[in-house]
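Novice: Have a look at this one.
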Amino acid sequence: MQISVIGSGYVGTTLAAVLADAGHDLVNVDLDEEIVSQINDGVAPIFEPGLDELVAEHAGTQLRATTDYDDIADTDVTFLALPTPTDDEGKIDLAAMRAGSRSVGEILAEKDGDHLVVVKSTVVPTTTEEVVVPTVEEASGKTAGEGFDVAMNPEFLREGTAVYDCQEPDKIVLGVQDGAAGERALDTLHEVYEPILADHDASVVETGLREAEMIKYANNAFLAAKISLINELGNICKEYGVDAYEVADAIGLDHRIGPHFLRSGVGWGGSCFPKDVAAIIHAAREKGYAPELLEAAVAVNERQPQRLLGLLDTHTDVAGKRVAVLGLAFKPGTDDIRESRAIPVIEGLIERGADVVGYDPVATENMREHFPDIEYADSAAAALEGAHAALVTTDWDEFEALDGEFDAMADPVVIDGRRVIERRDGLTYEGITW
Ligand code: UDX
(Lines give C-alpha, C1' and ligand atoms only; values in the text may rest on other atoms or scores of the structure.)
Protein backbone atom coordinates (compact mmCIF):
# COMPACT_ATOMS: atom_id res chain seq x y z
CA MET A 1 0.00 0.00 0.00
CA GLN A 2 0.98 3.64 -0.38
CA ILE A 3 0.98 5.11 3.12
CA SER A 4 1.85 8.54 4.48
CA VAL A 5 2.73 9.31 8.07
CA ILE A 6 2.64 12.91 9.27
CA GLY A 7 5.18 13.51 12.03
CA SER A 8 8.65 12.05 12.58
CA GLY A 9 8.65 11.75 16.35
CA TYR A 10 8.93 8.48 18.26
CA VAL A 11 5.61 7.17 17.04
CA GLY A 12 5.68 8.51 13.47
CA THR A 13 9.23 7.43 12.62
CA THR A 14 8.81 4.00 14.18
CA LEU A 15 5.46 3.41 12.50
CA ALA A 16 6.80 4.52 9.10
CA ALA A 17 9.92 2.33 9.37
CA VAL A 18 8.00 -0.72 10.59
CA LEU A 19 5.31 -0.41 7.90
CA ALA A 20 8.00 0.03 5.24
CA ASP A 21 9.71 -3.07 6.59
CA ALA A 22 6.35 -4.86 6.37
CA GLY A 23 6.35 -4.24 2.62
CA HIS A 24 4.38 -1.01 2.20
CA ASP A 25 5.58 2.17 0.49
CA LEU A 26 5.95 4.91 3.06
CA VAL A 27 6.28 8.66 2.90
CA ASN A 28 7.02 10.35 6.21
CA VAL A 29 6.16 14.06 6.31
CA ASP A 30 7.77 16.41 8.82
CA LEU A 31 8.28 20.16 8.82
CA ASP A 32 11.81 19.82 10.22
CA GLU A 33 14.23 19.73 7.28
CA GLU A 34 17.06 18.32 9.36
CA ILE A 35 14.97 15.35 10.49
CA VAL A 36 13.78 14.76 6.93
CA SER A 37 17.28 14.72 5.48
CA GLN A 38 18.49 12.48 8.29
CA ILE A 39 15.83 9.89 7.48
CA ASN A 40 16.58 10.13 3.77
CA ASP A 41 20.25 9.54 4.59
CA GLY A 42 19.22 6.34 6.34
CA VAL A 43 19.65 7.59 9.90
CA ALA A 44 16.92 7.43 12.55
CA PRO A 45 16.28 10.89 14.06
CA ILE A 46 15.85 9.40 17.54
CA PHE A 47 17.75 6.90 19.68
CA GLU A 48 15.67 3.75 19.59
CA PRO A 49 17.08 0.21 19.46
CA GLY A 50 16.60 -1.39 16.02
CA LEU A 51 15.24 1.75 14.38
CA ASP A 52 18.49 2.83 12.75
CA GLU A 53 18.77 -0.55 11.03
CA LEU A 54 15.22 -0.33 9.63
CA VAL A 55 15.64 3.27 8.45
CA ALA A 56 19.03 2.43 6.88
CA GLU A 57 17.56 -0.60 5.11
CA HIS A 58 14.49 1.09 3.65
CA ALA A 59 15.45 4.76 3.17
CA GLY A 60 15.50 5.63 -0.50
CA THR A 61 13.41 2.63 -1.45
CA GLN A 62 10.28 1.93 0.58
CA LEU A 63 10.77 4.79 3.03
CA ARG A 64 11.02 8.41 2.00
CA ALA A 65 10.82 11.54 4.11
CA THR A 66 9.71 14.94 2.91
CA THR A 67 8.64 18.36 4.15
CA ASP A 68 6.07 18.52 1.37
CA TYR A 69 2.46 17.62 2.21
CA ASP A 70 1.72 17.35 -1.54
CA ASP A 71 3.25 13.87 -1.51
CA ILE A 72 0.37 12.45 0.51
CA ALA A 73 -1.91 12.82 -2.52
CA ASP A 74 -0.29 9.68 -4.00
CA THR A 75 -1.00 7.62 -0.89
CA ASP A 76 -4.14 5.72 0.17
CA VAL A 77 -3.84 6.27 3.90
CA THR A 78 -2.48 9.11 6.03
CA PHE A 79 -1.57 8.56 9.69
CA LEU A 80 -1.47 11.69 11.86
CA ALA A 81 1.34 11.07 14.36
CA LEU A 82 1.71 14.61 15.66
CA PRO A 83 2.52 15.72 19.20
CA THR A 84 -0.34 16.40 21.62
CA PRO A 85 1.38 18.06 24.59
CA THR A 86 -0.42 19.39 27.65
CA ASP A 87 -0.27 22.89 29.09
CA ASP A 88 0.47 23.70 32.75
CA GLU A 89 -3.12 22.86 33.72
CA GLY A 90 -2.97 19.51 31.93
CA LYS A 91 -5.20 20.66 29.07
CA ILE A 92 -4.35 18.96 25.79
CA ASP A 93 -2.84 21.26 23.15
CA LEU A 94 -4.27 20.36 19.75
CA ALA A 95 -2.47 23.05 17.71
CA ALA A 96 -0.26 20.56 15.84
CA MET A 97 -3.24 18.25 15.21
CA ARG A 98 -5.29 21.15 13.84
CA ALA A 99 -2.47 22.33 11.58
CA GLY A 100 -1.76 18.79 10.34
CA SER A 101 -5.45 18.10 9.70
CA ARG A 102 -5.75 21.35 7.76
CA SER A 103 -2.72 20.53 5.60
CA VAL A 104 -4.08 17.05 4.88
CA GLY A 105 -7.49 18.54 4.02
CA GLU A 106 -5.92 21.01 1.58
CA ILE A 107 -4.28 18.13 -0.31
CA LEU A 108 -7.48 16.06 -0.27
CA ALA A 109 -9.32 19.01 -1.84
CA GLU A 110 -7.35 18.31 -5.03
CA LYS A 111 -7.38 14.52 -4.82
CA ASP A 112 -9.80 12.20 -6.61
CA GLY A 113 -10.57 8.83 -5.10
CA ASP A 114 -10.66 7.34 -1.61
CA HIS A 115 -8.41 8.40 1.20
CA LEU A 116 -8.31 7.28 4.81
CA VAL A 117 -7.18 9.72 7.51
CA VAL A 118 -6.06 7.89 10.66
CA VAL A 119 -5.47 9.61 13.99
CA LYS A 120 -2.46 7.92 15.64
CA SER A 121 -1.74 10.63 18.21
CA THR A 122 -3.15 10.37 21.71
CA VAL A 123 -6.19 12.65 21.81
CA VAL A 124 -8.97 13.06 24.38
CA PRO A 125 -12.33 11.45 23.51
CA THR A 126 -14.29 13.23 20.74
CA THR A 127 -11.20 15.01 19.32
CA THR A 128 -11.32 12.96 16.10
CA GLU A 129 -15.02 13.72 15.59
CA GLU A 130 -15.02 17.31 16.84
CA VAL A 131 -11.61 18.66 15.79
CA VAL A 132 -9.93 16.48 13.16
CA VAL A 133 -12.98 15.70 11.00
CA PRO A 134 -14.34 19.28 10.83
CA THR A 135 -10.84 20.66 10.11
CA VAL A 136 -10.22 18.20 7.26
CA GLU A 137 -13.76 18.80 5.96
CA GLU A 138 -13.35 22.57 5.97
CA ALA A 139 -9.95 22.48 4.25
CA SER A 140 -10.96 19.85 1.67
CA GLY A 141 -14.51 20.92 1.00
CA LYS A 142 -15.42 17.22 1.33
CA THR A 143 -17.55 15.33 3.85
CA ALA A 144 -16.22 12.55 6.06
CA GLY A 145 -17.65 9.23 4.96
CA GLU A 146 -18.08 10.50 1.41
CA GLY A 147 -14.98 12.38 0.23
CA PHE A 148 -12.63 10.69 2.69
CA ASP A 149 -12.82 8.24 5.58
CA VAL A 150 -11.55 8.60 9.11
CA ALA A 151 -10.25 6.26 11.81
CA MET A 152 -8.61 6.39 15.24
CA ASN A 153 -5.80 3.89 15.81
CA PRO A 154 -3.90 4.53 19.06
CA GLU A 155 -0.30 3.46 19.55
CA PHE A 156 0.90 1.56 22.61
CA LEU A 157 4.63 1.38 21.87
CA ARG A 158 7.13 1.96 24.66
CA GLU A 159 10.32 3.93 24.22
CA GLY A 160 13.33 1.66 24.18
CA THR A 161 11.30 -1.22 22.70
CA ALA A 162 9.33 0.79 20.16
CA VAL A 163 10.26 -1.28 17.09
CA TYR A 164 9.47 -4.57 18.85
CA ASP A 165 6.19 -3.21 20.26
CA CYS A 166 5.15 -1.97 16.81
CA GLN A 167 6.06 -5.25 15.11
CA GLU A 168 4.65 -7.47 17.85
CA PRO A 169 1.82 -5.58 19.52
CA ASP A 170 -0.49 -7.16 22.12
CA LYS A 171 -3.42 -5.52 20.41
CA ILE A 172 -4.34 -3.29 17.50
CA VAL A 173 -7.24 -0.95 18.27
CA LEU A 174 -9.22 0.24 15.27
CA GLY A 175 -11.78 2.97 15.99
CA VAL A 176 -14.10 3.83 13.11
CA GLN A 177 -17.38 5.55 12.32
CA ASP A 178 -20.64 3.60 12.10
CA GLY A 179 -21.94 2.23 8.80
CA ALA A 180 -20.40 1.76 5.37
CA ALA A 181 -17.67 4.39 5.91
CA GLY A 182 -16.52 2.53 9.03
CA GLU A 183 -16.49 -0.81 7.19
CA ARG A 184 -14.39 0.73 4.41
CA ALA A 185 -11.95 2.17 6.94
CA LEU A 186 -11.66 -1.22 8.67
CA ASP A 187 -10.92 -2.97 5.38
CA THR A 188 -8.14 -0.49 4.63
CA LEU A 189 -6.63 -0.75 8.12
CA HIS A 190 -6.71 -4.56 7.96
CA GLU A 191 -4.74 -4.28 4.73
CA VAL A 192 -2.22 -1.94 6.42
CA TYR A 193 -1.70 -4.33 9.35
CA GLU A 194 -2.05 -7.57 7.41
CA PRO A 195 1.75 -8.21 7.17
CA ILE A 196 2.18 -7.56 10.89
CA LEU A 197 -0.76 -9.78 11.81
CA ALA A 198 0.50 -12.50 9.45
CA ASP A 199 3.77 -12.75 11.42
CA HIS A 200 2.41 -12.18 14.87
CA ASP A 201 -0.75 -13.11 16.72
CA ALA A 202 -2.26 -9.85 18.05
CA SER A 203 -5.82 -9.16 19.16
CA VAL A 204 -7.65 -6.75 16.88
CA VAL A 205 -10.21 -4.58 18.66
CA GLU A 206 -12.79 -2.99 16.36
CA THR A 207 -14.60 -0.16 18.05
CA GLY A 208 -15.87 3.42 17.75
CA LEU A 209 -13.74 6.56 17.38
CA ARG A 210 -14.17 7.90 20.91
CA GLU A 211 -13.84 4.44 22.43
CA ALA A 212 -10.47 4.05 20.67
CA GLU A 213 -9.41 7.46 22.01
CA MET A 214 -10.45 6.48 25.54
CA ILE A 215 -8.78 3.04 25.37
CA LYS A 216 -5.40 4.75 24.97
CA TYR A 217 -5.93 6.96 28.02
CA ALA A 218 -7.36 4.12 30.07
CA ASN A 219 -4.35 1.95 29.17
CA ASN A 220 -1.81 4.58 30.24
CA ALA A 221 -3.78 5.78 33.28
CA PHE A 222 -4.20 2.20 34.49
CA LEU A 223 -0.48 1.44 34.17
CA ALA A 224 0.58 4.72 35.79
CA ALA A 225 -1.87 4.14 38.66
CA LYS A 226 -0.65 0.56 39.00
CA ILE A 227 2.91 1.81 39.52
CA SER A 228 1.72 4.50 41.95
CA LEU A 229 -0.22 1.88 43.89
CA ILE A 230 2.80 -0.40 44.22
CA ASN A 231 4.85 2.68 45.16
CA GLU A 232 2.35 3.60 47.86
CA LEU A 233 2.33 0.03 49.17
CA GLY A 234 6.13 0.07 48.89
CA ASN A 235 6.33 3.20 51.04
CA ILE A 236 4.27 1.44 53.69
CA CYS A 237 6.50 -1.64 53.35
CA LYS A 238 9.55 0.54 53.99
CA GLU A 239 8.01 1.88 57.21
CA TYR A 240 7.74 -1.70 58.48
CA GLY A 241 11.12 -2.85 57.19
CA VAL A 242 9.37 -5.08 54.66
CA ASP A 243 10.84 -5.67 51.19
CA ALA A 244 8.24 -4.40 48.68
CA TYR A 245 9.74 -6.60 45.94
CA GLU A 246 9.00 -9.75 47.95
CA VAL A 247 5.45 -8.52 48.41
CA ALA A 248 5.14 -7.63 44.70
CA ASP A 249 6.44 -11.06 43.62
CA ALA A 250 3.78 -12.70 45.76
CA ILE A 251 0.82 -10.55 44.76
CA GLY A 252 1.88 -10.80 41.11
CA LEU A 253 1.10 -14.53 41.27
CA ASP A 254 -2.58 -13.68 41.52
CA HIS A 255 -3.57 -13.77 37.86
CA ARG A 256 -5.94 -10.84 38.44
CA ILE A 257 -2.95 -8.68 39.41
CA GLY A 258 -0.21 -10.14 37.19
CA PRO A 259 3.55 -9.79 37.61
CA HIS A 260 4.12 -6.78 35.33
CA PHE A 261 4.54 -3.12 36.27
CA LEU A 262 5.04 -3.89 39.93
CA ARG A 263 8.55 -2.47 40.22
CA SER A 264 8.26 0.11 42.97
CA GLY A 265 10.75 2.94 43.05
CA VAL A 266 11.26 6.62 42.40
CA GLY A 267 8.21 6.79 40.09
CA TRP A 268 7.14 7.10 36.48
CA GLY A 269 8.27 9.65 33.91
CA GLY A 270 8.49 9.84 30.15
CA SER A 271 6.59 11.48 27.35
CA CYS A 272 3.34 9.56 27.88
CA PHE A 273 2.29 8.71 31.42
CA PRO A 274 2.64 12.22 32.93
CA LYS A 275 1.10 13.96 29.90
CA ASP A 276 -1.70 11.50 29.35
CA VAL A 277 -2.73 11.18 32.99
CA ALA A 278 -2.76 15.00 33.25
CA ALA A 279 -4.84 15.29 30.06
CA ILE A 280 -7.48 12.76 31.09
CA ILE A 281 -7.72 14.34 34.57
CA HIS A 282 -8.23 17.75 32.96
CA ALA A 283 -10.74 16.37 30.44
CA ALA A 284 -12.69 14.59 33.21
CA ARG A 285 -12.81 17.76 35.31
CA GLU A 286 -14.09 19.71 32.31
CA LYS A 287 -16.93 17.21 32.17
CA GLY A 288 -17.64 17.87 35.85
CA TYR A 289 -16.13 14.62 37.13
CA ALA A 290 -13.43 14.67 39.83
CA PRO A 291 -11.00 11.79 39.10
CA GLU A 292 -9.65 11.46 42.63
CA LEU A 293 -7.82 8.19 42.19
CA LEU A 294 -5.87 9.47 39.17
CA GLU A 295 -5.02 12.69 41.01
CA ALA A 296 -3.72 10.59 43.90
CA ALA A 297 -1.63 8.55 41.43
CA VAL A 298 0.02 11.79 40.32
CA ALA A 299 0.51 12.97 43.92
CA VAL A 300 2.20 9.69 44.89
CA ASN A 301 4.42 9.99 41.83
CA GLU A 302 5.49 13.49 42.78
CA ARG A 303 6.21 12.34 46.32
CA GLN A 304 8.60 9.50 45.38
CA PRO A 305 11.63 11.65 44.42
CA GLN A 306 11.11 13.59 47.67
CA ARG A 307 11.11 10.32 49.61
CA LEU A 308 14.39 9.36 47.94
CA LEU A 309 15.89 12.71 49.00
CA GLY A 310 14.39 12.27 52.47
CA LEU A 311 16.19 8.94 52.84
CA LEU A 312 19.42 10.66 51.84
CA ASP A 313 18.82 13.32 54.52
CA THR A 314 18.60 10.62 57.20
CA HIS A 315 22.22 9.65 56.43
CA THR A 316 24.07 12.79 55.52
CA ASP A 317 23.89 16.54 55.07
CA VAL A 318 24.99 17.01 51.47
CA ALA A 319 25.55 20.81 51.53
CA GLY A 320 28.88 21.52 49.80
CA LYS A 321 29.44 17.82 49.12
CA ARG A 322 29.76 15.91 45.88
CA VAL A 323 26.69 13.73 45.21
CA ALA A 324 26.38 11.36 42.25
CA VAL A 325 23.09 10.86 40.41
CA LEU A 326 23.21 7.58 38.51
CA GLY A 327 20.75 7.53 35.64
CA LEU A 328 19.30 10.60 33.93
CA ALA A 329 16.97 9.02 31.32
CA PHE A 330 13.36 8.48 32.44
CA LYS A 331 13.96 4.76 32.00
CA PRO A 332 16.69 2.52 30.60
CA GLY A 333 17.07 2.01 26.84
CA THR A 334 16.39 5.61 25.89
CA ASP A 335 18.09 9.02 25.92
CA ASP A 336 14.76 10.68 26.69
CA ILE A 337 14.76 12.74 29.89
CA ARG A 338 11.22 14.08 29.65
CA GLU A 339 9.67 14.02 33.15
CA SER A 340 12.59 11.87 34.29
CA ARG A 341 12.51 11.38 38.05
CA ALA A 342 16.18 12.41 37.99
CA ILE A 343 15.00 16.00 37.40
CA PRO A 344 13.24 16.58 40.76
CA VAL A 345 16.03 14.61 42.46
CA ILE A 346 18.70 16.92 40.99
CA GLU A 347 16.59 19.98 41.86
CA GLY A 348 16.34 18.75 45.46
CA LEU A 349 20.09 18.20 45.64
CA ILE A 350 20.78 21.68 44.25
CA GLU A 351 18.40 23.14 46.87
CA ARG A 352 20.39 21.30 49.55
CA GLY A 353 23.59 22.92 48.26
CA ALA A 354 25.14 19.69 46.94
CA ASP A 355 27.70 19.57 44.11
CA VAL A 356 25.80 17.32 41.75
CA VAL A 357 27.54 15.03 39.28
CA GLY A 358 25.25 13.21 36.88
CA TYR A 359 25.94 10.12 34.83
CA ASP A 360 23.93 8.34 32.17
CA PRO A 361 25.14 6.08 29.35
CA VAL A 362 23.15 8.00 26.68
CA ALA A 363 21.06 10.84 28.14
CA THR A 364 23.79 13.20 29.35
CA GLU A 365 23.55 15.68 26.47
CA ASN A 366 19.79 15.98 26.87
CA MET A 367 20.11 16.57 30.62
CA ARG A 368 22.88 19.10 30.03
CA GLU A 369 20.32 21.27 28.22
CA HIS A 370 18.07 21.10 31.28
CA PHE A 371 20.80 21.52 33.93
CA PRO A 372 23.77 23.18 32.17
CA ASP A 373 25.56 24.00 35.44
CA ILE A 374 25.95 20.64 37.11
CA GLU A 375 28.88 18.33 36.41
CA TYR A 376 28.54 15.32 34.13
CA ALA A 377 30.76 12.25 34.31
CA ASP A 378 31.74 9.90 31.50
CA SER A 379 31.21 6.79 33.56
CA ALA A 380 29.49 5.67 36.74
CA ALA A 381 32.94 5.06 38.22
CA ALA A 382 33.96 8.65 37.52
CA ALA A 383 30.72 9.96 39.04
CA LEU A 384 31.22 7.90 42.20
CA GLU A 385 34.82 8.92 42.71
CA GLY A 386 35.01 11.21 45.73
CA ALA A 387 31.21 11.35 46.11
CA HIS A 388 29.67 11.50 49.58
CA ALA A 389 26.48 9.87 48.36
CA ALA A 390 24.97 8.32 45.22
CA LEU A 391 21.31 8.27 44.23
CA VAL A 392 20.11 5.76 41.64
CA THR A 393 17.30 7.10 39.47
CA THR A 394 17.32 4.87 36.35
CA ASP A 395 17.56 1.08 36.24
CA TRP A 396 20.31 0.78 33.62
CA ASP A 397 21.73 -2.78 33.61
CA GLU A 398 25.31 -1.51 33.86
CA PHE A 399 24.66 -0.21 37.40
CA GLU A 400 24.08 -3.79 38.57
CA ALA A 401 27.72 -4.60 37.78
CA LEU A 402 29.10 -1.75 39.94
CA ASP A 403 31.18 -3.08 42.81
CA GLY A 404 34.75 -1.92 43.46
CA GLU A 405 33.74 1.52 42.08
CA PHE A 406 32.00 2.24 45.40
CA ASP A 407 35.37 2.01 47.16
CA ALA A 408 36.37 5.30 45.51
CA MET A 409 33.49 7.16 47.22
CA ALA A 410 34.33 9.59 50.01
CA ASP A 411 31.33 8.24 51.95
CA PRO A 412 29.79 5.03 50.64
CA VAL A 413 26.12 6.08 50.97
CA VAL A 414 23.88 4.70 48.22
CA ILE A 415 20.17 5.52 48.02
CA ASP A 416 18.63 3.27 45.37
CA GLY A 417 15.41 4.37 43.69
CA ARG A 418 15.31 1.51 41.17
CA ARG A 419 16.57 -1.62 42.95
CA VAL A 420 19.63 -2.13 40.81
CA ILE A 421 22.39 -2.07 43.41
CA GLU A 422 22.77 -5.00 45.78
CA ARG A 423 23.20 -4.42 49.46
CA ARG A 424 26.82 -5.21 50.32
CA ASP A 425 29.32 -4.92 53.14
CA GLY A 426 30.98 -1.55 53.41
CA LEU A 427 28.06 0.29 51.82
CA THR A 428 25.44 2.33 53.64
CA TYR A 429 22.57 1.23 51.45
CA GLU A 430 18.92 2.29 51.41
CA GLY A 431 16.28 1.09 48.98
CA ILE A 432 13.34 3.43 48.54
CA THR A 433 10.73 0.72 49.19
CA TRP A 434 12.84 -2.13 50.56
C1 UDX B 1 4.36 4.08 28.16
C2 UDX B 1 3.41 2.90 27.91
O3 UDX B 1 3.97 1.71 28.50
C4 UDX B 1 3.17 2.70 26.43
O5 UDX B 1 2.23 1.65 26.21
C6 UDX B 1 2.64 4.01 25.85
O7 UDX B 1 2.45 3.89 24.43
C8 UDX B 1 3.59 5.16 26.15
O9 UDX B 1 3.83 5.24 27.56
P10 UDX B 1 6.98 4.48 28.01
O11 UDX B 1 6.69 5.83 28.56
O12 UDX B 1 7.88 4.36 26.84
O13 UDX B 1 5.62 3.74 27.60
O14 UDX B 1 7.66 3.61 29.19
P15 UDX B 1 7.25 2.48 30.23
O16 UDX B 1 8.13 1.31 30.02
O17 UDX B 1 5.81 2.22 30.25
O18 UDX B 1 7.71 3.17 31.59
C19 UDX B 1 7.13 4.41 32.02
C20 UDX B 1 7.71 4.82 33.36
O21 UDX B 1 7.26 3.95 34.39
C22 UDX B 1 9.24 4.80 33.44
O23 UDX B 1 9.68 5.97 34.12
C24 UDX B 1 9.56 3.56 34.24
O25 UDX B 1 10.76 3.66 34.96
C26 UDX B 1 8.35 3.51 35.17
N27 UDX B 1 8.05 2.15 35.66
C28 UDX B 1 7.63 1.18 34.81
C29 UDX B 1 8.14 1.87 37.02
O30 UDX B 1 8.50 2.74 37.82
N31 UDX B 1 7.82 0.61 37.47
C32 UDX B 1 7.40 -0.38 36.64
O33 UDX B 1 7.11 -1.48 37.13
C34 UDX B 1 7.31 -0.08 35.25
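Novice: Distance from the Cα centre of segment 73-129 to that of segment 276-300, in angstrom?
Specialist: 25 Å
Novice: Compute the distance from the alpha-carbon center of segment 301-366 to that of segment 372-434, in whole Å.
Specialist: 11 Å
Novice: As a test, work out the antiparallel percent of DSSP beta bridges whose residues both lie in segment 96-204, rounded to the nearest 5.
Specialist: Just about 20 percent of them are antiparallel.
Novice: Cα axis of helix 10-21 to longest principal axis of the chain: angle in degrees, 0 to 90, nearest 10?
Specialist: 60 degrees
Novice: Now a separate question. Return one whole number: the accessible area per residue of segment 258-382 in Å², for a 1.4 Å probe.
Specialist: Accessible area per residue: 44 Å².
Novice: Please report, largest first and rounded to whole Å, the three semi-axes of the ellipsoid equivalent to segment 116-230, where each semi-axis is the square root of five times an eigenvalue of the C-alpha gyration tensor.
Specialist: For segment 116-230, the semi-axes come out at 26, 18, 11 Å.
Novice: Let me ask something else. List the longest stretch of the chain that has no exposed loop site; here a site is one of the GluC sites (Glu not before Pro) assigned by DSSP to anything other than H, G, I, E or B, with at most 15 other Cβ within 10 Å.
Specialist: Details: sites that count: Glu89, Glu146, Glu422.
The reported range is 147-421.
Novice: What size of dipole, in debye to the nearest 20, comes out for segment 50-183 about its Cα centre when the only charges are +1 on Lys and Arg C-beta atoms and -1 on Asp and Glu C-beta atoms?
Specialist: The dipole of segment 50-183 has a size of about 140 debye.
Novice: For the peptides 94-102, 75-83, what is the packing order when you average, over each peptide's residues, the other Cβ atoms within 10 Å and list the highest mean first?
Specialist: Ranking the peptides 94-102, 75-83 by packing returns 75-83, 94-102.
Novice: Another one. Please give the charge dipole size of the chain, origin at the Cα centre, charges +1 on K and R Cβ atoms and -1 on D and E Cβ atoms. Round to the nearest 20 debye.
Specialist: Working: 32 positive and 83 negative charges, 301 e Å.
Magnitude of the dipole: close to 1440 debye.
Novice: Next question, about the same structure. Within segment 129-265, what percent of beta bridges assigned by DSSP are antiparallel, to the nearest 5?
Specialist: For segment 129-265, the DSSP antiparallel bridge percentage is about 20.
Novice: Another question about this same structure. How big is the antiparallel share of DSSP beta bridges in the chain, given as a percent to the nearest 5?
Specialist: Counting DSSP beta bridges with both partners in the chain, the antiparallel share is about 5 percent.
Novice: In whole percent, how big is the carbon plus sulfur part of the accessible area of segment 86-129, probe 1.4 Å, protein atoms only?
Specialist: Answer for segment 86-129 is 39 percent, counting heavy atoms of protein chains only.
Novice: With every protein chain present, what accessible area does Leu223 have (1.4 Å probe, heavy atoms only), rounded to the nearest 10 Å²?
Specialist: 50 Å²
Novice: Now a separate question. Counting other Cβ atoms within 10 Å of each Cβ, which trypsin sites (Lys or Arg not before Pro) in segment 242-316 have at most 12 and sit in a DSSP loop?
Specialist: Arg256, Lys287
Novice: Of all trypsin sites (Lys or Arg not before Pro) in segment 362-434, which ones are in loop regions per DSSP and have a Cβ with at most 15 other Cβ atoms within 10 Å?
Specialist: Listed in order of number, the matching sites are Arg423, Arg424.
Novice: Would you mind getting me the FRET efficiency between Gln2 and His315? Use the beta-carbon distance for r and R0 = 60 Å, nearest 0.05.
Specialist: So, using R0 = 60 Å, E works out to roughly 0.45.
Novice: Compute the helix-to-body angle for 273-286: its Cα long axis versus the longest principal axis of the chain, expressed 0 to 90° and rounded to tens.
Specialist: The two axes meet at around 70 degrees.
Novice: Tell me which of Ile350, Ala81, Ala59 sits at the most positive position along the dipole axis of the chain, charges placed on C-beta atoms (Lys, Arg +1; Asp, Glu -1).
Specialist: Ile350
Novice: Can I ask one more? Among Lys111/Lys287; Lys91/Lys120; Lys91/Lys171, which pairs are too far apart, with a Cα-Cα distance over 30 Å?
Specialist: Cα-Cα > 30 Å for Lys111/Lys287; rest within.
Novice: A further question on this structure: Quick one: pull the percentage of alpha-carbon pairs in the chain with a separation above 36 Å.
Specialist: 33 percent
Novice: About its Cα centre, what dipole magnitude does segment 1-98 give when the only charges are +1 on Lys and Arg Cβ and -1 on Asp and Glu Cβ, stated in debye to the nearest 20? Intermediate values should be presented prior to the final figure.
Specialist: Values: 3 positive and 20 negative charges, 50 e Å.
Value, rounded to 20: 240 debye.
Novice: What angle do you read, to the nearest 10 degrees and between 0 and 90, between the alpha-carbon axis of helix 179-199 and the longest principal axis of the chain?
Specialist: 50 degrees
The values are calculated or read from the model by the stated rules, or taken from the named source; none is laboratory data. Since the model is a prediction, treat every value here as computed from it, not as a measurement. Glycine gets a Cβ as well: all are built from the backbone with ideal geometry, and neighbour counts include every protein chain shown. For the accessible areas, the whole protein counts, side chains as well, though only heavy atoms, and no ligand, DNA or RNA atoms are used. Shrake-Rupley method; radii C 1.70, N 1.55, O 1.52, S 1.80 Å.
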